[in-house]
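Working notes, structure below.
Coordinate-derived values only; no laboratory data. Fair warning: this is a prediction, and the values are worked out from it, not measured in the lab. Counting neighbours? That spans all protein chains shown, and the Cβs are built from the backbone with ideal geometry, glycine included.
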Amino acid sequence: MILAIVQARMGSNRLPGKVMKEVLGKPLIGYLFERLQLSKRIDKIIMASVKDPYNDALCRYVKSLGVDVFRGSEDDVLERCHLAAKPYHPKYVVRITGDCMLIDPQICDQLFEAFLREDVDYATLSPSYAEGADCEIFTFEALEEATQKAVMKSEREHVTLYFSNHPDRFKKYLLPNTCDDSKYRFTVDEPEDYLVVKSVIEELYQGKSKAFTYAEIKEFFDTHSFTRQLNAHVIRNEGLSISLKNDCVVKDMGKDSNEK
């Protein structure tokens, strides 16, 4: 089974409630699930959220879409991902973060095909892809090992960091891009990001269930340079940089996650 886990919560230091902000009368998270469901390789999609009541409205909405919801730890994201996946007994896990509302299902499928072809434990997109297209795939066995052994706070917060930190244990593959798209950004983490994604959806979605592509998003940016510049100042992967700067060992993490 290929299980896709969308990590989403309402809490955000920079843009609280971002996943439920509306465009054309629909919460942004709704576009993510609508697009991800068009994947030809994914068998099941669930959401991994957190227990805080602040997330109740988000969870109710996602359940109304027919999507299963798991609620776990807000800080130990690695454990949350593992416990969310475990009941489904997947062979492979596709991980999507809730701020990538304009995920391209075709790119997800291409990554999975490369993952199988290269026979690796973990695959993700190279940094030459735009920020917002992010997708990661790994084996459930790798996820279980990371959950049991990761002790750094950064590794508990950023689910796949343990894989990258232990190249002797996990084979990793970066899907190359045909060009450098790192100048484009359509993830939602800042107020300016919301304005950018709102503009893209209003232009390309047009009130229909149209899965506009990664290429069409880039074309929109190329013809709307003002919109693209709105969030050009935002630092890529700033959250990871902050985590690494403030890193420390977290005691007892992962030791009994299989029993919770």
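Measuring between their Cα centroids, the range 152-225 and the range 57-101 lie 19 Å from each other. Here the 3J(HN,Hα) profile of the range 55-72, calculated from phi with Karplus coefficients 6.51, -1.76 and 1.60 at θ = phi - 60°, is 8, 4, 5, 4, 5, 5, 5, 5, 5, 5, 7, x, 9, 5, 10, 10, 10, x Hz, Gly and Pro shown as x. With 0.36 nm allotted per residue and the present C-alpha distance subtracted, the Lys26-Asn246 stretch has 75.5 nm of extension available.
By how many nm would the segment from Asp119 to Gln148 grow when fully extended, if each residue of separation counts as 0.36 nm and the alpha-carbon distance is taken off? Could the numbers behind the result be given before it?
Working: separation 29, 0.36 × 29 = 10.44 nm, distance 2.30 nm.
Extra length available between Asp119 and Gln148 comes to 8.1 nm.
Scanning residues 5 or more positions from Lys44 or on other chains, those with amide H under 5 Å from its amide H are Ile2, Ala4, with H placed 1.01 Å from N in the peptide plane. Computed from phi, the 3J(HN,Hα) profile of the range 138-148 under the Karplus parametrisation 6.51, -1.76, 1.60 (θ = phi - 60°) reads 8, 6, 5, 4, 5, 4, 4, 5, 4, 4, 6 Hz, with x in place of Gly and Pro. Close amide H contacts of Tyr184 (hydrogens built in the peptide plane, cut-off under 5 Å, sequence separation of 5 or more or a different chain): Glu131. Charge tally around Lys198: other residues with Cβ under 15 Å, Lys/Arg +1 each, Asp/Glu -1 each, net -3.
Contact order for the range 2-259, expressed relative to its length and based on alpha carbon pairs under 8 Å spaced 6+ residues apart, stands at 21 percent.
Can you check what the net charge comes to around Ser39, using other residues whose Cβ is under 10 Å from the Cβ of Ser39 (Lys, Arg +1; Asp, Glu -1)?
On the way: positive: Arg35, Lys40, Arg41; negative: Asp43, Asp104, Asp109.
So the environment of Ser39 carries a net charge of 0.
Each pair of Cα atoms in the chain enters the Kirkwood radius, and Stokes-Einstein at 4 °C and 1.567 mPa s then converts it into a translational diffusion coefficient of 69 µm²/s.
Compared with the dominant Cα axis of the chain, that is its longest principal axis, helix 191-204 is turned about 60°.
Computed from backbone phi, the HN-Hα couplings of the range 20-28 come to 9, 5, 9, 9, 6, x, 10, x, 4 Hz, rounded to whole numbers (Karplus: 6.51 cos²θ - 1.76 cosθ + 1.60, θ = phi - 60°; Gly and Pro given as x). Compared with the dominant Cα axis of the chain, that is its longest principal axis, helix 214-223 is turned about 40°. Across the cross-link table entries Lys63/Lys172; Lys26/Lys86; Lys44/Lys172; Lys18/Lys63; Lys86/Lys218; Lys63/Lys86, which are compared at the Cα atoms, the separations over 28 Å belong to Lys63/Lys172; Lys26/Lys86; Lys86/Lys218. Only one residue of Met20, Ala215, Val188 has its Cα farthest out toward the positive end of the dipole of the chain, where Lys and Arg carry +1 and Asp and Glu -1 on Cβ, and that residue is Met20.
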